[in-house]
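Colleague: Shown below is the structure under consideration.
What follows is calculated from the coordinates using simple rules that are stated; it is not laboratory data. Quantities reported herein were computed from a predicted structural model and do not represent experimental measurements. Backbone-built Cβ (ideal geometry, glycine too); neighbour counts: all protein chains shown.
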Amino acid sequence: MERSDRSRAVAGLLGAALGAGLGLAVLLSAWGVLALAGDGAFPSGLVFLVLLPVGGTLRPLWDRRPVNRRPALLVALSLFLLLAADALVLGADSAGEQSPAGLLLGVLLGVLLSGAVLGALAGEPAEEPGRHWLRFTGRGRCFHLAVHGALLALLAATAAVVAAFG
């Protein structure tokens, strides 16, 4: 990973952390309102409110990198969905009840890792006519194989976790 890749990964991680922090504040506010009106139980159905502000905080990465944003977004969203699926399966107890803390931790971890991956993969903008939509500009064949191979390995690991615990 080049130095510029590390700095972009840190920028993505910080953007995702800021967005997740804002989303967590919205979630805790909603929990407070629901606690005043109801029984005070944690609303696990609202855990995905954490995701709402993340798109706004990662927008500068999207705007500055017009060439690589499609494949980077595809990889980052796939990573998030696989981590969220793992959190859903691993967060459930033997009776099938969902643990809100486990789900929230999985969503936060998925958001942070996906932001860092989006920042690292959305490299410098460049023109490369005729480029396939899954290829990252200025990257070699080994880089593409590593990124998509790691995503495929995570998919296999998620399938194994679902089969074992689901």
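Colleague: Report the calculated FRET efficiency for Ala25 and Arg139 (r = Cβ-Cβ distance, R0 = 45 Å), to the nearest 0.05.
Modeller: Numbers: r = 37 Å, r/R0 = 0.82.
Result of the calculation: an efficiency of 0.75.
Colleague: Let me ask something else about it. Could you list which residues have their amide H under 5 Å from that of Ala92, counting only those 5 or more apart in sequence or on another chain, with H placed in the peptide plane?
Modeller: Placed amide hydrogens put Ser99 under 5 Å from Ala92.
Colleague: Find the relative contact order for segment 1-64 and round it to a whole percent, using C-alpha pairs within less than 8 Å whose residues are 6+ positions apart.
Modeller: Details: 46 pairs, mean separation 29.4, N = 64.
With pairs under 8 Å counted, the relative contact order is 46 percent.
Colleague: Let me ask something else. Please sort 101-108, 38-45, 25-32 by packing, taking for each peptide the average over its residues of neighbouring beta carbons within 10 angstrom, highest first. Walk me through the intermediate numbers first.
Modeller: On the way: 101-108: 19.0, 38-45: 11.6, 25-32: 14.2.
Listed from highest to lowest mean packing, they are 101-108, 25-32, 38-45.
Colleague: In what sequence, highest mean first, do 75-83, 139-147 appear when ranked by Cβ atoms within 10 angstrom? Walk me through the intermediate numbers first.
Modeller: Values: 75-83: 19.7, 139-147: 12.4.
Top to bottom by mean Cβ count within 10 Å: 75-83, 139-147.
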